[in-house]
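Below is one structure, written out as structure tokens, with a few remarks after it.
The values are calculated or read from the model by the stated rules, or taken from the named source; none is laboratory data. These figures come from a predicted structure and were not determined experimentally. In this analysis, Cβ positions are derived from the backbone assuming ideal geometry, glycine residues included, and neighbour counts consider all displayed protein chains. Side chains included, ligands, DNA and RNA excluded: accessible areas come from the protein's heavy atoms. Shrake-Rupley method; radii C 1.70, N 1.55, O 1.52, S 1.80 Å.
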Amino acid sequence: MIIDHPLLGPRDASEFIYLGDASLLNRPKWDEEKSEDNFYKYLYLRENVAGMHKELWFHQQGDRSWLVISRNTVTHEIFKVELATEFKKNMGKSND
Amino acid sequence: MYYNVLKILKEGLNDNKGWKKTWQNPEIKKKYDVIIIGGGGHGLATAFYLAKEFKIKNIAVLEKNWIGGGNVGRNTTIIRSNYLLNENEAFYEFSLKLWETLENQINYNAMVSQRGVLNVFHSDAQRDSFVRRGNSMIINGADAELFDVDKIKSIYPFLDYDNARFPIKGGLFQKRGGSVRHDAVAWGYAHAADELGVDIIQNCEVTGFKIKSGTCIGVETNKGDILANKIGCAVAGSSSVLMSKANMNLPLESHVLQAFVSESLKPFIPGVITFGAGHFYISQSDKGGLVFGGDIDGYNSYAQRGGMDMLEDVCEGGLALMPTIGKARLLRMWGGIMDMSMDGSPIIDKTHIKGLYLNAGWCYGGFKATPASGWCFAHLLAKGASHSLSENFQLDRFKNGYMIDEKGQGAQPNLH
Ligand SMILES: Cc1cc2nc3c(=O)[nH]c(=O)nc-3n(C[C@H](O)[C@H](O)[C@H](O)COP(=O)(O)OP(=O)(O)OC[C@H]3O[C@@H](n4cnc5c(N)ncnc54)[C@H](O)[C@@H]3O)c2cc1C
């Protein structure tokens with residue numbers, strides 16, 4: 001797979017490390033009533049879709065940026081590559 | 001139909017015209033006692049043991065494609081019971097014992113070949129961890145031997161003993177491990193289950209569940225609705241997709257694992273060998289092809305094919321271990337979809353929906369588990385309670401903190 005890095009252009013996927021579902025950006029709050037259950041779901045349960053999947057990749061052998069990639073898990077076709085920081089901003093969350 | 005030598009001789013003289021189908025193509029009934037979804041190794045073994053050991057009648061196996069087209073026919077065929085944790089080791093040793101008598105049980109030649117599995121190690125620290133694993137195996141009734149370099153040299157003279165970076169310091173050997181003809185396992189279980197009256201329905205895809213006030217009473221398929229008292233799901237890499245129809249999210253990611261086969265060579269590799277400094281395992285098939293593989297590609301995939309970077313990685317491991325294979329030409333490669341669980345261990349459990357049961361999370365080691373998985377899942381379906389060997393493979397262990405993390409990697413499926 002070729003990943004079209006928003007800053008560096010097309011790069012081979014082997015330069016990257018895969019973390020998993022981009023829902024990992026939605027870390028639950030620790031001090032809520034259901035936080036135990038929320039953390040269980042956050043850590044261990046995945047939708048694991050066959051089809052369009054938003055996922056986190058780390059450019060380990062490049063600029064060490066985190067990316068959010070929209071990719072079809074059935075065809076491996078990549079539709080969108082964003083910096084995770086940008087993605088999070090658009091999610092309406094602060095980056096601390 | 002019963003297979004034996006006389007029959008082969010008779011059919012040989014008769015132009016092989018008298019053979020009947022290995023399994024029938026039955027009409028689908030409206031209702032079954034038990035439906036198994038997925039006609040892979042695990043589903044078929046479950047159906048067979050349900051009928052044979054637990055005397056359940058009226059069973060169907062629903063397979064969306066053809067028998068043997070999933071991971072059961074795509075793996076590198078290695079069987080072994082060399083796990084560290086008790087929860088795993090006892091289960092896999094039971095499986096290895098079942099492999100040893102399988103062919104008589106199912107009246108089918110599955111070419112179970114206990115030619116030994118050697119895991120080489122390359123450092124003192126790795127020796128310590130392999131010794132510990134060997135002891136765990138012996139405690140659980142399995143066989144394990146520690147080989148020194150001279151012993152390995154005498155059996156496997158072609159390994160690279162002068163490798164400065166990954167010197168071979170010894171190996172953990174399991175004599176009773178080996179390989180099995182994978183397709184024959186699927187066909188054999190299908191044949192034996194069919195003989196016991198199990199309906200094996202191919203080209204029948206389950207598209208949904210019929211759930212009434214918390215109880216699953218049947219399935220929706222491309223061939224219409226089918227009712228059942230109990231439904232067991234054993235669809236390996238498709239588990240998340242299937243269970244999403246019951247609104248469940250599973251502790252799984254689906255990843256692609258590739259296998260590679262070379263051109264046929266004269267026999268020179270006497271068993272299964274694994275490299276300790278990278279992920280590479282190899283054996284030689286009876287046809288002479290070198291069958292080898294390594295890690296999963298590492299990203300979610302349902303594509304049944306992987307990338308060239310993993311091919312390169314696997315070949316690097318292979319050449320570091322045995323440079324002699326460098327001249328062999330690659331003949332075929334393919335991928336299969338692995339149900340990678342969050343702790344690297346499987347799930348054999350009921351679900352929160354009554355009548356709906358789950359068998360999944362086999363990662364890339366589920367072939368060797370086939371007999372025990374079928375046996376324990378059949379036990380669960382027949383008795384409503386877990387078999388003692390699979391009672392730790394619970395779906396809610398991630399919630400309760402009873403993970404079975406063989407490698408100690410944490411909830412990161414692509415590291416297991
Ligand atoms: C390349 C590779 C190498 C491997 N090497 C080894 C090894 O050396 N040793 C080892 O122990 N393990 C190995 N494995 C792992 C092992 O093959 C699997 O863990 C095991 O086969 C999974 O169980 P199964 O046989 O039941 O799966 P499958 O054969 O995949 O069966 C699942 C079946 O469910 C069907 N299905 C899916 N969805 C539906 C639906 N909605 N309705 C009806 N049917 C459906 C599928 O078509 C499929 O036939 C390897 C796997 C791969 C891919």
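Specify the longest stretch of chain B that does not include any exposed loop site, a site being one of the trypsin sites (Lys or Arg not before Pro) with a non-H, G, I, E, B DSSP assignment and at most 10 other Cβ atoms within 10 Å. List each step's numbers first, then the result.
Working: sites that count: B:LYS17, B:LYS20, B:LYS21, B:LYS30, B:LYS55, B:ARG165, B:LYS287, B:ARG329.
It works out to B:166-286.
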Extended-chain gain in nm, criterion 0.36 nm per residue less alpha-carbon gap, B:LYS175 and B:MET333: 54.1 nm
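Hey, can you find the accessible area per residue of chain B for me, probe 1.4 Å, expressed in square angstrom?
Working: 17400 Å² over 416 residues.
Dividing the accessible area of chain B by its residue count gives 42 Å².
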Largest to smallest principal axis extent of the C-alpha atoms in the range A:2-91, angstrom: 45, 27, 23
Short version: what are the Cα gyration tensor semi-axes of the protein assembly as shown, square root of 5 times each eigenvalue, largest first, in whole Å? 35, 33, 22
1.4 Å probe, heavy atoms, protein only - residues of the range B:306-343 losing at least 30 Å² accessible area vs chain alone: B:ASP309, B:MET342
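So which helices of chain B fit the span-like rule, where a helix is a whole DSSP H run, its Cα atoms reach 27 Å or more along the axis, and its mean Kyte-Doolittle is at least -1.0? Display every interim value, and only then the final one.
Values: long enough: B:86-106 (29 Å, -0.75).
Answer set is B:86-106.
Below 15 Å Cα-Cα, how many Lys pairs turn up in the range A:2-91? Only count pairs eight or more apart in sequence, or on different chains, if you could.
Values: A:LYS29/A:LYS41; A:LYS54/A:LYS80; A:LYS54/A:LYS88; A:LYS80/A:LYS88.
Eligible lysine pairs with Cα atoms under 15 Å apart amount to 4.
What range in chain A is the longest one free of trypsin sites (Lys or Arg not before Pro) that are in a loop by DSSP and have at most 16 other Cβ atoms within 10 angstrom?
So the longest stretch without any such site is A:35-63.
Measure off, as a whole percent, the carbon and sulfur share of the 1.4 Å-probe accessible area of the range A:2-91, all protein chains present.
Working: 2580 of 5110 Å².
That fraction is 51 percent.
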Please report the spacing between the Cα centers of the range B:269-312 and the range B:19-79 in Å, no decimals. 27
Just how many % of Cα pairs in the range B:29-129 lie over 22 Å apart, if you round to the nearest whole percent? 47
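Counting heavy atoms of the protein chains only and a 1.4 Å probe, report the per residue accessible area for the range A:2-91 as a whole number of Å².
Values: 5110 Å² over 90 residues.
I get 57 Å² per residue for the range A:2-91.
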To make sure I understand the rule: partners must be lysines, Cα under 20 Å from the Cα of B:LYS266, and not fewer than 8 residues away in the same chain. Which ones qualify? B:LYS153, B:LYS287, B:LYS327
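Hey, could you get me the Stokes-Einstein D for chain B, Kirkwood radius over alpha-carbon pairs, 4 °C and 1.567 mPa s, rounded to whole µm² s⁻¹? Walk me through the intermediate numbers first.
Values: Rh = 22.0 Å.
After rounding, the answer is 59 µm²/s.
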Where B:TRP375, B:TRP19, A:TRP66 fall by accessible area, highest first, once all protein chains stay in place (1.4 Å): A:TRP66, B:TRP19, B:TRP375
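Any idea of the total accessible area buried by the A-B contact, 1.4 Å probe, rounded to 100 Å²? Intermediate values should be presented prior to the final figure.
On the way: alone 6690 and 18390 Å², together 23060 Å².
Answer for the A-B pair: about 2000 Å² buried.
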Residues in the range A:44-79 occluded by at least 30 Å² - accessible area, probe radius 1.4 Å, against chain by itself: A:TYR44, A:LEU45, A:ARG46, A:GLU47, A:ASN48, A:ALA50, A:THR73, A:VAL74, A:HIS76
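Accessible area of the range B:328-416 with a 1.4 Å probe: how many percent of it is carbon plus sulfur? Mind showing how you got there, number by number?
Details: 1600 of 3230 Å².
Taking all protein chains in place, the range B:328-416 shows 49 percent carbon and sulfur surface.
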Restricting to lysines and to Cα separations under 19 Å from B:LYS212, and discarding same-chain partners fewer than 8 apart, the set is B:LYS30, B:LYS31, B:LYS230, B:LYS245, B:LYS350, B:LYS354
